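The values are calculated or read from the model by the stated rules, or taken from the named source; none is laboratory data. Everything numeric in this text was worked out from a predicted model, so none of it was measured. Here Cβ is always computed from backbone atoms with ideal geometry, including for glycine, and neighbour counts include all displayed protein chains. Accessible surface areas use protein heavy atoms only, side chains included; no ligands, DNA or RNA. Shrake-Rupley method; radii C 1.70, N 1.55, O 1.52, S 1.80 Å.
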Amino acid sequence: MAINKSMRRVLKALSFDGIEVEASRHLANLKAIDPMKIFHKTIDYKIYNGNHQIPVRIFLPGEKMEDDLPVFLFFHGGGWVTESIDNYERICARLASATDHIVVSVEYRLAPEYPFPIGFYDCYMAAKAMYTNRFILNTDPDKITLIGDSAGGNLAAAVSLMARDQGEFLPKRQILIYPAVNNDYSEESPYLSVRRYGTEYLLTAGKMRDYINFYASAEEDKKSKYLAPLMETDYSNQPDTLILTAECDPLRDEGEEYGRRLKEAGNKVEVHRIQDALHGFFALGVKYYHVQESFAIINRFLSGYTTDENSRKVSPANEE
């Protein structure tokens, strides 16, 4: 990736290790104060996980809620520690508009106050409610797509694994945007992207170690396939999957490895690496060309059109 010296200095200054939970949340919450807020129709609703009410926000691509429209069930990123449906309003509104989908954004509980598997079960129960028609939207399950970015991509992948294991429902499609699917961001990581992009490209390996430690309630949790989907050994009977990775992202190689494992197990999979992109690019403005490219890929995937011959080739995970 060609970065000029000035931008390199900015990236280096922003690429610090360590997560201070409250400060990180306050910083994330600034995104909810949006002077350029997109006009959109939303509906707030609740889904139950036992006695807990899970808030969800429904984003409509038009003025009316139509049951025959396809639906995204969206899990936001933030390392399982920060972000919210309020902070992700712009992303969800643009996703609804760009794809003509209803977007249902889930306010799952955050670590460290609610460590694994609490937030994960919130997501699973939200999915169960939608796929079994216990939701305000009477949506055909075949028209529902799981989607999430970063930690949200992790949650989407984990929900798909548990859905197969429990046999209560089975998603047809999932879209994982630079997903966090591993549990090791130390110098012993087998992935080149952790070593190459884990220090000076915004998201650092040190931050990922902190996020994982906040999310896991015990060391043994890190071995769970529902916390780290790369711990799974059986990838059969998974949804049709689109994975978008960012070239300059420590999570790049694990996301692409997850795609390979799904494909080797006989699932339909597309993996696209967005060149020159950093982790988190999906939150940038819709005029940003990486976001435009991503929406184009997502729409082709949703329409059933595959772009294997025209897409940029994905390199092996450990290729120098």
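Here is how the numbers come out for the structure above:
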| item | result |
| --- | --- |
| Options Asp210, Asp234; residue that is of a type in the set (D, E, K, R) and farther than 26 Å from Ile144 by Cβ | Asp210 |
| Matching entry among Lys263, Lys223 (being closer than 22 Å to Arg164 by Cβ and either in contact (Cβ under 8 Å) with a residue 12 or more places away in the chain or among the polar types (S, T, N, Q) (or both)) | Lys223 |
| Residue match in segment 174-189 (condition: modelled with pLDDT under 95, outside any strand (DSSP E or B) and in contact with a strand residue (DSSP E or B) (Cβ under 7 Å, 6 or more places away or on another chain)) | no |
| Selection status of Leu203, in contact with a Leu (Cβ under 8 Å, 6 or more places away or on another chain), within 26 Å of Pro117 (Cβ to Cβ) and assigned to a strand (DSSP E or B) | no |
| Residue in segment 153-162 that is open to solvent by 10 Å² or more (accessible area, probe 1.4 Å) and closer than 19 Å to Glu83 by Cβ present | no |
| Verdict on Arg90 being modelled with pLDDT of 75 or more and touching a Lys or Arg at 6+ places or on another chain (Cβ under 9 Å) | yes |
| Search result, residues across segment 116-146 that are part of a loop (DSSP other than H, G, I, E, B) and open to solvent by less than 30 Å² (accessible area, probe 1.4 Å) | Phe116, Phe135, Leu137, Thr139 |
| Test set (1) surrounded by fewer than 24 Cβ atoms within 10 Å (Cβ to Cβ); (2) under 24 Å from Ile147 (Cα atoms) - Arg196 fails condition number | (2) |
| Matching residues, segment 93-114, being in a loop (DSSP other than H, G, I, E, B) and surrounded by fewer than 19 Cβ atoms within 10 Å (Cβ to Cβ) | Asp100, Arg109, Pro112, Glu113, Tyr114 |
| Odd one out for Asn87 among (1) assigned to a helix (DSSP H, G or I); (2) in contact with a helix residue (DSSP H, G or I) (Cβ under 7 Å, 6 or more places away or on another chain) | (1) |
| Residues satisfying the stated conditions in segment 209-229, i.e. in a helix (DSSP H, G or I) and surrounded by fewer than 17 Cβ atoms within 10 Å (Cβ to Cβ) | Asn213, Glu219, Glu220, Lys223 |
| Answer from Leu27, Leu69, Leu14 - the residue that is exposed (fewer than 13 other Cβ atoms within 10 Å of the Cβ), at pLDDT 70 or above and either of a type in the set (A, V, I, L, M) or within 21 Å of the chain's Cα centre (by Cα) (or both) | Leu27 |
| Any hit, segment 31-43, residues being within 30 Å of Asn213 (Cα to Cα) and at pLDDT 95 or above | no |
| Number of positions in segment 161-209 that are within 13 Å of the chain's Cα centre (by Cα) and either among the polar types (S, T, N, Q) or at negative phi (or both) | 7 |
| Residue among Met231, Met208 that alone is modelled with pLDDT of 95 or more and farther than 22 Å from Gly167 by Cβ | Met208 |
| Unique match (being open to solvent by 50 Å² or more (accessible area, probe 1.4 Å), in contact with a strand residue (DSSP E or B) (Cβ under 6 Å, 6 or more places away or on another chain) and either at pLDDT below 95 or farther than 20 Å from Asp100 by Cβ (or both)) among Lys268, Lys287 | Lys268 |
